[in-house]
Amino acid sequence: MFTTPSRQTLGGGSRRSQSSIPGSRGATPMSFRESPAASLAGSRPRKDVNRSSPTSRSATYRDRRSHLQPYIVDPESSGNVKGFVGTSGDAMAVDDAEGSVVGGRRATLLDEGTILARDDVYVVSASHKLPIEVMQALESAEHSRDAITSAMDARIGYAYVAFKDRCYAWCFSGSTRVAPACYVFPAPPPSTQAAPNTFPPFCAFVERSSGQEPGLLLVSREGKVRLWNSIASSRALSEDAHELDVALGAGESVTSLQRCQTSAFVVATSQSRLLRLDVPHRGGRLQAEVSSFSQPRGFFGRFFGAAATFTLGGDESFSVTAAPSPDAADAWTLYAISKRGVQKWGLGERSGGETMIAEQDLRQPIASVLFGLPEKDDGSGADTAGLELLSGAITTNGALLILFEHSPTSAGIISFGVAVATYEKVASSFVISRAVQLHYTHARSAGPSDAPRLIAPYGGPVLFIQFEDVVVLRLLEDDFEEVVSLKHPLQNRFMGYGAESIDVERETDVVGVPFFTSSSGTLLVDVWVGAAAALAKKLCTPREHTAVRTERLMVKLEQAVFFGNNIASPISYDLPLDFEGDLSLAAEQLSTSIVTSETQALPDVVELRLHLQYRAARLHDLITFIASNNCLQKLSHSSRRRLSSDAELLAAALEVWQYHGAQLSGARGTFGTLSPLSVAITKIMTESGQATRDDVVRAFFRHHLPQIPRVLDELLHQTSALSSSPLDQRSVLILESARVVNIIFNAARVFRRDSGKVYAFQATQTAFEAWSITASDLDVLEGLFHTTLRLVNERTRELGTAVDANVQEGFNTEGSAPLSPARLQKELKLQLCELASNALATFEERLAYLNASAQTGDQPAHQRDYALLEARYRTARPQMILPLLAVGHSGRAFTLAEQHADFRTLTLLSHQLEASQEAARQRAEKYLDRYGQAFAFQLFQWYIEQGRLRTLLDVPDKYSPLLLDFFERSDNPRLAWLHDILLERHSTASRTLVQIADSEGKAAQKKLMLSLGKLAHCADLTEAQIMAEDEQDQIELIDDQLDMVNAHQLLRDFYESVIPGCSRDVENGCAAVSEAVAYNLESLPALHAWYASAVRSILRGDVVSAEDLIDLLTLPLAADDRIHDYTTALEVYLREKGTSEARLDASLASVWLRILLRDDWPSITDTSGKTDAELSDQLRHTALYAALKWAADHSAQSNWCWNLRRSWQGSQRLTC
């Protein structure tokens, strides 16, 4: 999280002491107006090194960070810079006039002090302006081809940029508002015109007495020296310069120029030589003198042999660093570093002379400490892991920091590290006390590139490692590392820097280094030492490591969100591929801090509308930044939903605030500052103890947006409490509450609809409960809808139908004060439509959430909640849609019914709205074409419920498949067979009719269905097909059922013959029939009563079961002319298929028993006085004879015979 200086700090310029190191977020880091981080900005005391005459510094860097402020982007301008808003309120625009396009590259300069990246540990800001001439020269240069060097001299406040043919110099400690004056100096000429310079000269400023401009020293690679007495000469031409040549050997070139004393420099060559270049002040002018070092042998001569046998040539790169010696008052220490080793020299300040103290190959000692590899005496072999020394810096205690590189793998990835080398006098050698590897790596470049530079301002503890497109920030003793990268490395690179030397005492906890870039001016990087050390310690704690990494990841996101869309910023904010931390948690925490305005990176904007827009734009930048880094899928779906929910909240808040502002400033003015929204917010803020400010409404929108759901609840509570208020007052208050509620939900819904692709939402709802889909939201929307509907109806009753005249659709929030009754009624109806729309949409979204949550298994209760809410939703849909038709908004009613797939309500609307059936039919056909089956099923069901069967069956032929599908999926067989006949699906119709007959309760209807079924079955068959065995079996099954029905009819006819008219008077007729037919049951009252009840069913035409039919045929004692009733009962038994076999067997046994009991067998078996003919005649008239004869005729059915035998045996047992 960023820390922002307070107004008092910005204005007062108080310094930050080391005791105020930010240990937690929100600590004020420093004064940006008098920043101690800008150590180059003012005169600093040197450390006491026992010099005889301490050097006083002239005017140096003036602080350029009086207005270190982020910029604001207009959310409607697609990320274009609109302007800068400072904490002081003044706006600063980007000066596009200072930028131009050269070769397709735009060099847009930032206002000095503009912050480009900031957190608790470091700040990157735009620093000093470059001269116009320098900017033009940089724009014209080809950075991939032209070598350019630059540097700032912190001692004297001057800077230079050197090209191959010229050098620009200027003073950067002047005014911050105008470009400084620039001086151009020609580079030393090449030795031959045929071989022009390909590299810029080495440059250095020569310090003169106090108050005088410094001199300028240029040394070409060919050894040509030019020295100007003052850079402010009236004519900076070559004839004004003192020139001389450095004596170089064949193929030898200058590789380095380093100031080693007040007026002395060291020149290193490619043939391992070190030369001393003195610049004394004589006769009022600077003079240049060159001499060799005291040691005549080449660099590393003693270690590697004579210079004649060890030729480094152009392949050997040197880095020379020097600093005042802490051990002697008038001495300097110089280190010369090659790819393989280090040489230490001692230089006298006044006495002159150079003494080589030590030289050593340090590759294996470094590798031994870094990798734990064994050392070898010869310094060769794979143990060095391809290690090469690059550059160095000197610490405050005189130790040497060495930047090295190595390639541990063959993948072409270069790793870097820093080693601490201390010279031990006793052992006369260097000891590597510490070696750390940087986290930063990069691929080996195919072309030439500048060597990385190690920078240790003040001698540590903060290290800066400058690469071509990256600056690495590192602590010497702690594992802290951050990277500042350029976003366009092909068009922009770091060229140089300016840093305080170790002889300057660091007064504050902040260390800053300005860096020159080739296309973006000067960038100042400040590091808070204490905060960086504290962060490193946390990272070393396993318990805090993950949380701290996530916090740092949030800082990266925060920097990208608040600074990354500045088109003029040269800084890259992309996440590294191997970033650590929980991205979802980091993004959510940042989003929450923006919603609640907790992040210190937010600028102080008075106008609340702009403030809300700015916060909304930052949330949009957050998700787009994550997507641009190909990390969107690394966010969980619920995390993306949460981020979207926060953005919806801000979108809703912005719309509500704009409406509230229009209400306060417009002509409406009905409430003043006590609108329903203001009252609700004030109550909530008071209850939560936040109503401590004068403008609680503004405070709410700035810091308490997550409380918006409570505002909705409070608005509903207010409207519910208005039942006893006058109608006019109640109407206005409910209207305003409805407007606010609708604005909130409409804004959230529009944002969700338009941003789905940005957040990469899946088609299904995730198990995340956003603030706009809670159960409380449904209560608010549904409750306010019904309150508004009741109010509209009440106004119609109280004010008459004239109040409803000329209702036109349209959503209008402007109006006038006070509204006329008709206009007020119109607005209420419009809000009613919006409430219905929002409520139904919220229903669906909450159902999706509950369904997803139930499927995950995390919330088992949500499955029950889903079922309850779905039932509530199905009830609420018509209750909210149909009233819209009554209030004159038929279009909205149809739209909502279509949107929410409420086809039942759509059917009702279609037939309620249209005046004629023909118009309703046409509308229904339109929806049939559009929605197909979904609408068709509801329409057809409605036709059935309304008894419009003719309309149902007369649907056009193109909808017949829909109707057929409807009949197959619904339980409407009595209509389905008619449609099958219409489609000539006779076989299907036959099966349907037989199924209907099975469930038919009336004998006549059952006979009709069976007869139609038999007819339909035969309709598609030829005569030959009918005679086929399979078809005969099917037909016989229908015939068997017809025979059963005929048995009912036979009984009814018999009863009519016994008691004429009994069918017309069923209640009396059944008793008479029972007494006349079943007289033998009079001694058995219960059985006689049952028989009367069964007769009643027959007389009514009802269908009785097979068992009851058998009992009706066999219980009465049959007369001689009714003996066939027994055989009819046997036929019923034979044809019945729906009763269990056990029950049928019991019925059959009862039949045989009743057959045996029907005749007087003692009399029949008494043969006395009877002829054989008489005996035979008596036997032939018995029921047993008739039954046996019938059984013999049906003996072909084996099952029947077997059952007959078993039932006969059972009847014998019953008889016994």
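If I stretch the segment between Thr192 and Ala451 completely, what's the gain in nm (0.36 nm per residue apart, minus their alpha carbon distance), one decimal?
Stretched out fully, the Thr192 to Ala451 stretch lengthens by 90.4 nm.
Dipole size in debye (nearest 20) for region 732-809 around its Cα centre, Lys and Arg Cβ +1, Asp and Glu Cβ -1?
For this selection, approximately 260 debye.
What is the packing order of peptides 644-651, 536-543, 714-721, 824-831, taking the mean over residues of other C-beta atoms within 10 Å and listing the highest first?
So the peptides 644-651, 536-543, 714-721, 824-831, ranked by packing, come out 644-651, 824-831, 714-721, 536-543.
Restricting attention to region 572-622, which GluC sites (Glu not before Pro) occupy a DSSP loop and are surrounded by at most 11 other Cβ atoms within 10 Å?
Glu607
Quick check on my link table: of Lys829/Lys926; Lys1014/Lys1137; Lys344/Lys425; Lys129/Lys164; Lys1006/Lys1137, which ones sit more than 20 Å apart, alpha carbon to alpha carbon?
Working: Lys829/Lys926 28 Å; Lys1014/Lys1137 18 Å; Lys344/Lys425 12 Å; Lys129/Lys164 23 Å; Lys1006/Lys1137 16 Å.
Result: Lys829/Lys926; Lys129/Lys164 exceed 20 Å.
How many nm is it between the label spots at Arg1100 and Asp1040, if each spot is 7 Å from the Cα in line with the beta carbon?
2.8 nm
Ordered by packing density, taken as the mean number of other Cβ atoms within 10 Å over each peptide's residues, highest first, how do 1150-1161, 942-953 rank?
1150-1161, 942-953
At a 10 angstrom cut-off on C-beta neighbours, averaged per residue, how do the peptides 152-160, 916-924 rank from highest to lowest?
Details: 152-160: 24.3, 916-924: 14.6.
Ranking the peptides 152-160, 916-924 by packing returns 152-160, 916-924.
List the lysines whose Cα lies under 30 Å from the Cα of Lys757, skipping any in the same chain that are fewer than 8 positions away.
Lys82, Lys487, Lys556, Lys634
Shape verdict for region 636-900, please, from the Cα gyration tensor: rounded (a/c under 1.5), prolate (a/b greater than b/c) or oblate.
Taking the square roots of the gyration eigenvalues as a ≥ b ≥ c, region 636-900 is oblate.
What order do you get for Ile148, Ile1164 when you list them from fewest to most C-beta neighbours inside 10 Å?
With the sparsest Cβ surroundings first, the list reads Ile1164, Ile148.
Values in this text are rule-based calculations from the coordinates and carry no lab data. For clarity, every value in this text was computed on a predicted model and none was experimentally measured. Counting neighbours? That spans all protein chains shown, and the Cβs are built from the backbone with ideal geometry, glycine included.
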